[in-house]
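Reading through the structure tokens given below for one structure.
All of the numbers you see were taken from the coordinates with simple rules; none came from a lab. Keep in mind it's a predicted model, so treat the numbers as computed, not measured. So basically every Cβ, Gly included, is an ideal-geometry build from the backbone, and we count neighbours across all protein chains shown.
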Amino acid sequence: MKFSPVSFALLATLPLVGLAEPADDAIEHWLSEEFQPSSLSRDQQRAELNWFAQAAAPYRGMTIRVVSERIDTHAYEANVLARAFTDITGIQVIHEVTGEDDLVKKIQAQMDTGLNIYDAYINDTDFIGTHYRRGKTLALTDYMSGAGADVTLPSLDLDDFIGLAFGTAPDGKLYQLPSQQFANLYWYRHDWFSRPDLQQQFEDRYGYALGVPQNWAAYEDIADFFSHQVREIDGQRVWGHMDYGRTDPSLGWRISDAWLSLAGAGDPGLPNGLPVDDWGIRVEGCHPVGASVVRGGAMDSPAAIYAVETYIEWLQRFAPPAAYDMTFTTSGEWVAQGQVAQQVFWYTAFLPALTGPNSRVQNDQGEPLWRVAPSPRGAYWVPGMKSGYQDAGGWTLLRNTPPDRLAAAWLYAQFTVSKTVSLRKLLLGLTPIRASDIHSKTFGDRALALGGLVEFYRSNARNIWTPTGTNVPDYAALSGIWWQQVGRAVRGEVSVADAMSNMASLVDAELAQLAHKSDRRCAPRLNSPEPRATWLARPGAPKPAMDTDVAPQTLSYEEAIKQW
């Protein structure tokens, strides 16, 4: 579905039947006070907002409930955009923000019980395999051309969304409309790396230049250098690595969202590796056939064990001791305190903390002392594989939502991603969703202040940093296995090899359960087990053990981002 610029001319000519004067006043207020800048002209913005006011007329006075995870972008939607939408349309919005694990439980509860708990969710597109298979989620493609045609914004312009593929299922239909995106990128203190004295000390000790690490061997040397050799800068203890290790659902995301794929555990192929993906699950056609090596998966393969062993070793040797008890949320703003030299992959959703008034990683002119660049890769990684993880939270509507509530929620969802508001939302939350915003002069003017984020999103790299794909048949059921088993290894209760073996067996068991639920499309079909040696001798993943002691390599920042 593509809308041309003519759509705005059509919007402007629509008769504003029943449009109340207060709504018109509200439109002018929000246009002047909040919704600037925009990729649209003021007249085009006014036309969009007039359309929302008119389309919402049958639902005025209704109260809808939506929920999203707790990041800055969604806080802006909940605190500002929800109020603007209510002022303009008369539809009251309760927009709740909560932890990601709680959000998962909420959407799972509505799917399982059939109760209309919320009218819409901003749910990670990691769930796309679940939404497609379970049949509980509304295919937006069908809704926009069918029952929801009258409440679908003519100027929505789907082709302008950069992450549309992430919410599209194997049937080619869109199930999740992106509301925010952020990537896991390498982060480092460019000012420290640029100091001649530290450059000389590093080269004297390790024999090569201090720069952006291209592999894990170089990252480890740099982590050792700052944590154990430099130790202190400007009177403050510094660390060469940052991560988190608390046994918590977010520990599972930390590993499943990046570590195995960057180690090289799966196969080449985008977006997630074929036939073995970034989780280590083998897929034949659209059917998951196993996670364990004995069934052709790679979740307990030598490469996966190497990935998690490296994660734990770096946490123990190079990260601040407090990192052990941190989670995704509590560790997110740690780098802004100015004590960390680098992070192997850092969530760009936390960029606002680095540019805020309390940040210690910018100079007196507000310029960043840091940069983001491509993450270093492990010894098993080969060209053609996924290069990193990108989170995409998408508006998700469930089929059991009553039609009037569904229509009102869809109006609000589109409002939060419309061109009228999306550029302003980008500048505040730094989670881009539209090409028109990314290539705007306003966003480009912030390139220096954003330390590489603009360059990343203006490049093809935004397409090869990808979320979990359609191969995962039930994200809620399977994601919990990650943090529980990895947590045992972090605490030293079991070896990494045993933890990964247990995890692969538990995932296989869950796949077997899902295989018996005949209502699911592309249901799992488990392979019969074969000896590990048989699978490891075959080409591709799972890969046999290899020598991971490779030569370290670094590049300058300018050379590193050319890879994007």
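Points worth noting:
- Sequence of Asp278, Asp191 once ranked by neighbouring C-beta atoms within 10 Å, starting from the fewest: Asp191, Asp278
- For the range 524-564, the fraction of alpha-carbon pairs lying more than 17 Å apart is 62 percent, rounded to a whole number.
- Square roots of 5 times each gyration tensor eigenvalue, C-alpha, the range 209-326, largest first, Å: 33, 16, 11
- Within the chain, percent of DSSP bridges classed antiparallel, to nearest 5: 70 percent
- Between the C-alpha center of the range 253-294 and that of the range 387-402 there is a gap of 21 Å.
- Alpha-carbon centroid distance for the pair the range 135-169 / the range 469-527, whole angstrom: 31 Å
- Shape category assigned to the range 411-505 from the gyration tensor of Cα positions, a/c cut at 1.5: prolate
- The value for the range 303-362 of Rg(Cα) / (2.2 N^0.38 Å) is 1.24.
- P(r) weight above 26 Å for the range 248-407, C-alpha pairs, percent: 42 percent
- Model label points for Tyr208 and Tyr324, set 7 angstrom from Cα along the Cα-to-Cβ axis, are 3.2 nm apart.
- The modelled label-to-label distance between Lys173 and Arg360, using points 7 Å beyond Cα along the C-beta direction, is 5.3 nm.
- Given charges at Cβ of Lys, Arg, Asp, Glu: the range 138-249 dipole, positive-most of Thr168, Leu198, Leu156: Leu198
- Note on Lys419: lysines with a C-alpha under 16 Å away, same-chain residues under 8 apart excluded, are Lys2, Lys441.
- Rounded, prolate or oblate (a/c below 1.5 giving rounded, otherwise prolate when a/b exceeds b/c) for the range 469-564 by Cα gyration tensor: prolate
- Helices in the chain, meaning DSSP H runs of at least 4 residues, each add -39500 (n - 2.57). Divided by all residues, the mean residue ellipticity at 222 nm is -11000 deg cm²/dmol.
- Mean Cβ neighbour count within 10 Å, used as a protection proxy, ranking 152-162, 252-262 highest first: 252-262, 152-162
- Reachable aspartates and glutamates, given that their alpha-carbon falls under 17 Å from the alpha-carbon of Lys386 and they are not under 8 places away in the same chain: Asp126, Asp257, Asp267, Asp277, Asp278
- Put in order of Cβ neighbour count within 10 Å, fewest first, the listed residues Glu69, Glu96 become Glu96, Glu69.
- Partners for Lys105 among lysines (Cα-Cα distance below 21 Å; same-chain residues under 8 apart left out): Lys136, Lys517
- Shape category assigned to the range 339-424 from the gyration tensor of Cα positions, a/c cut at 1.5: oblate
- Cα pair count fraction exceeding 40 Å, expressed as % - the chain: 26 percent
- With contacts taken as Cα pairs under 8 Å at a separation of at least 6 residues, the range 481-564 carries a relative contact order of 14 percent.
- Descending Cα extents along the principal axes, the range 129-277, whole Å: 67, 35, 30
- Of interest is the spacing of the C-alpha centroids, which for the range 333-350 and the range 182-208 amounts to 15 Å.
- Across the chain, the mean sequence separation of Cα contacts (distance under 8 Å, 6 or more residues apart), normalised by length, yields a relative contact order of 25 percent.
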